[in-house]
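What follows is a short report on a single structure.
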Amino acid sequence: VDLFQLQVNTLRRYKRHYKLQTRPGLNKAQLAETVSRHFRNIPVNEKETLAYFIYMVKNNKSRLDQKSESSKQLE
């Protein structure tokens, strides 16, 4: 993920959300580097993440299908 493409306000919100300690007055490149370093170090359980993603895709698809079927019944 190229975090250097994000706006400064977005980088600042990320920093504030994760309570990252930085010195005041960082420029965009320094802030992006700090956020990028933190983002790369977040532990991710790949198996669990993929299973959750597939679960969400399946559920959202079925919910959309149900909505379209109920709208057809109204016609």
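Points to keep in mind about this one:
- The set of residues in segment 1-53 that are in a helix (DSSP H, G or I) and surrounded by fewer than 10 Cβ atoms within 10 Å (Cβ to Cβ) comprises Gln5, Asn9, Arg16, His17, Ala29, Arg40, Glu46, Lys47, Glu48.
- Only residues that are modelled with pLDDT under 90 and of a type in the set (D, E, K, R) were counted in segment 1-59, giving 2.
- Annotation note: Cβ proximity below 6 Å between a residue of segment 1-17 that is closer than 13 Å to Asn27 by Cα and a residue that is open to solvent by 90 Å² or more (accessible area, probe 1.4 Å) and part of a loop (DSSP other than H, G, I, E, B) (sequence gap 6+ or interchain) occurs for no pair.
The values are calculated or read from the model by the stated rules, or taken from the named source; none is laboratory data. Here the structure is a predicted model, which means the values were calculated and not measured. Here Cβ is always computed from backbone atoms with ideal geometry, including for glycine, and neighbour counts include all displayed protein chains. Only protein heavy atoms, including side chains, enter the accessible area calculation; ligands, DNA and RNA are left aside. Shrake-Rupley method; radii C 1.70, N 1.55, O 1.52, S 1.80 Å.
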